[in-house]
Structures are given as structure tokens and as C-alpha cells.
Amino acid sequence: HNHIYPEKIVSKATDAIGDFYDIDMQHLGTGNELVAAGKKAGIEKFVVCSAATTPAQVQIINNFIASECEKHPEFIGFGTLHPGFEDCSAEIKRMKEMGLTGVKLHPDFQKFYIDDPEALPMFKAIRDNDMWLIVHLGDDRFEYSQPERMARALDKVPSLTAICAHFGGWSIRNQAWKVLAGRSNVYVDTSSSLYAITPEEAVKIIHRYGASQVLFA
């Protein structure tokens, strides 16, 4: 679970993420730097993504992610969508033609409620085109990405395969499982989580979802 950006905006984008989460950023988010850091850590594959904060950014970001995947065979590319994008189904088909595997959404950046009726056509398009979804969930500063909202969206699009990032709740990971666990089409990843909890807490959360539903990130 990695975010990468074009060279011309990478410094600005990296600073913006640091400001949003109030953390000191250690690296710039370029594809080359990601590969170099991964080699040091013994990581061979990277899911790379970015989120469009406006509909106009969707195709630009998808083109960039696809181009980075062409440069780096280590990358598994996830494109992005936005509820305001005119034809999500057509864009998903274009993503697949470019070799992208799934869709990344970040409701808190994109400022939409995950269970908003206007977002449901986007989820249905992802499902109908056999794409995976990675979605940021659970920032207690905002209402957009609360796990309960994701659960309601999944109830309406039950066959959507979703990876709920950060153990399903970035700042509320110890509660998110109550509404997300037990769904065979829901996975969670460990990104931006293991640094903030003890190994014992991580094991408890993993068992609540089931080890087969947890992805290392």
C-alpha cells in the first residue's frame, strides 16, 4: 500500500500528506525511491496508488500510475475514481486495458461520504468489472470514512471485493472490526497501523478478522 506522485508535484504532495496526518515525512513519494527503499527491506512487490480529489484528476492519475507500472515490474497499479466522474464504468474498462488491477478511494481526501447514494454507481462499476477496491477508512476527525458507512455501502453492493485499509479504521482500528469482520469479500491491510499498536493488539485484531482476510502492507 504505497502512494506515488509525479516528479513535478512530489514535494508538494508529500508535504500535504505530512500536514494532513501531522507526521514528519522521511521520503519523497517517487517510484524510484519506493523501489530503492523496498530493496533494502526485502520487499519485492508494491501496490501503488493515488486518490483523485477532483473528477478532473481521475484520468491524469490513472495514466500516471499505469506509466509507473510499465517502468517498474515490481508495481501492482491501482487507479482512482471520484463520485463526480461522469462515466466510471468506461474509465474502469480503460484502467483494465492499461493493466491496472483495482481502484483506490480516500473519502477524507476526496470529501465524500462512503455510503452516499451518489457513490453507489461507482462501487457497482468496480464490482461489475471484477476490480478490487482499496479504501481508506476510519479517521475519527471526519465522518466521511467511518467503518459503519462502509458496512452500509457493502450491504447495498454485497459482492464488491474491498480492502479496508489500516485494519479498517486508521484511528479507530480497535472498533472497526465490529462492523466489518465476518464478510468474506472484505479484507483489511496493516498499513499505517503496526507502528501505533503493540504486537499483542495487532494479533487480537488479526484474529478478529481472520488471518486469511488480513494483508500485510
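The values are calculated or read from the model by the stated rules, or taken from the named source; none is laboratory data. This one's a predicted model, so the numbers in the text were calculated from it and none came from an experiment. We place every Cβ from the backbone using ideal geometry, glycine too, and count neighbours over all the protein chains shown. Note: areas computed on protein heavy atoms with side chains; ligands, DNA, RNA excluded. Shrake-Rupley method; radii C 1.70, N 1.55, O 1.52, S 1.80 Å.
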Pairs returned, first residue in region 11-38 that is within 21 Å of Phe109 (Cα to Cα), second residue that is part of a loop (DSSP other than H, G, I, E, B) and not polar (S, T, N, Q), beta-carbon separation under 6 angstrom, 6 or more apart or interchain, are Ala13/Tyr5; Thr14/Met25; Thr14/Leu28; Thr14/Gly29; Gly18/Met25; Gly29/Ile4; Gly29/Tyr5
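Does Asp139 meet the test of being at pLDDT below 95, closer than 21 Å to Ala217 by Cβ and of a type in the set (D, E, K, R)?
Details: at pLDDT below 95: yes; closer than 21 Å to Ala217 by Cβ: yes; of a type in the set (D, E, K, R): yes.
Spelling it out, Asp139 is indeed at pLDDT below 95, closer than 21 Å to Ala217 by Cβ and of a type in the set (D, E, K, R).
From Ala119, Ala202, Ala153, which residue is over 30 Å from Lys93 (Cβ atoms), among the hydrophobic types (A, V, I, L, M, F, W, C) and part of a helix (DSSP H, G or I)? Spell out how you get there, then give the answer.
Details: Ala119 fails: over 30 Å from Lys93 (Cβ atoms); Ala153 fails: over 30 Å from Lys93 (Cβ atoms).
After ruling out the rest, the residue left standing is Ala202.
Looking at region 113-157, which of its residues are open to solvent by 30 Å² or more (accessible area, probe 1.4 Å), out of contact with any Gly (no Cβ under 9 Å at 6 or more places or on another chain) and under 23 Å from Arg173 (Cβ atoms)? Don't jump to the end; show me each part of the working.
Looking only at region 113-157, we keep the residues that are open to solvent by 30 Å² or more (accessible area, probe 1.4 Å), and these are 113, 116-118, 121, 124, 127-128, 130, 132, 140-144, 148-149, 152, 155-156.
Among the residues that remain, those that are also out of contact with any Gly (no Cβ under 9 Å at 6 or more places or on another chain) are: 113, 116-117, 121, 124, 127-128, 130, 141-144, 148-149, 152, 155-156.
Matches in region 113-157: Tyr113, Arg141, Phe142, Glu143, Tyr144, Glu148, Arg149, Arg152, Asp155.
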Within region 160-169, identify whether any single residue is open to solvent by 10 Å² or more (accessible area, probe 1.4 Å), assigned to a loop (DSSP other than H, G, I, E, B) and touching a strand residue (DSSP E or B) at 6+ places or on another chain (Cβ under 7 Å), and answer yes or no. yes
Looking at region 170-190, which of the residues that are touching a strand residue (DSSP E or B) at 6+ places or on another chain (Cβ under 9 Å) and closer than 10 Å to Ile205 by Cβ is surrounded by the fewest Cβ atoms within 10 Å (Cβ to Cβ)? Ala181
Pairs returned, first residue in region 79-97 that is closer than 20 Å to His3 by Cβ, second residue that is open to solvent by 40 Å² or more (accessible area, probe 1.4 Å) and modelled with pLDDT of 95 or more, beta-carbon separation under 6 angstrom, 6 or more apart or interchain, are His82/Pro55; Phe85/Pro55
List pairs: first residue in region 193-205 and of a type in the set (Ser, Thr, Tyr), second residue open to solvent by less than 70 Å² (accessible area, probe 1.4 Å) anywhere in the structure, Cβ distance under 8 angstrom, at least six positions apart or on different chains. Ser193/His166; Ser193/Phe167; Ser193/Trp170; Ser193/Arg173; Ser193/Ala202
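Which residue is nearest to Phe123 (Cα to Cα), if the candidates are limited to region 185-194 and must be hydroxyl-bearing (Ser, Thr, Tyr) and at pLDDT 95 or above? Step through it out loud before you land on a result.
If we filter region 185-194 for residues that are hydroxyl-bearing (Ser, Thr, Tyr), which is where we start, we get 187, 190-193.
Going one step further and asking which of them are at pLDDT 95 or above, we end up with 187, 190.
On the way: Tyr187: 16, Thr190: 23 Å.
Looking at residues that are hydroxyl-bearing (Ser, Thr, Tyr) and at pLDDT 95 or above, I get Tyr187.
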Among the residues of region 18-32, what is the count of those that are open to solvent by less than 60 Å² (accessible area, probe 1.4 Å) and either touching a helix residue (DSSP H, G or I) at 6+ places or on another chain (Cβ under 9 Å) or of a type in the set (S, T, N, Q) (or both)? 4
Test: Arg208 is open to solvent by 70 Å² or more (accessible area, probe 1.4 Å) and either at positive phi or assigned to a loop (DSSP other than H, G, I, E, B) (or both): no
Residues satisfying the stated conditions in region 4-43, i.e. under 22 Å from Ile76 (Cα atoms) and not in a helix (DSSP H, G or I): Ile4, Tyr5, Pro6, Glu7, Ile9, His27, Leu28, Gly29, Thr30, Gly42, Ile43
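Which is part of a loop (DSSP other than H, G, I, E, B) and of a type in the set (Phe, Trp, Tyr), of Tyr187, Tyr195?
On the way: Tyr187 fails: part of a loop (DSSP other than H, G, I, E, B).
None of the other options fit; the residue is Tyr195.
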Given the options Ile163, Ile197, Ile205, Ile172, name the one that is aliphatic (A, V, I, L, M) and closer than 16 Å to Phe123 by Cα. Ile163
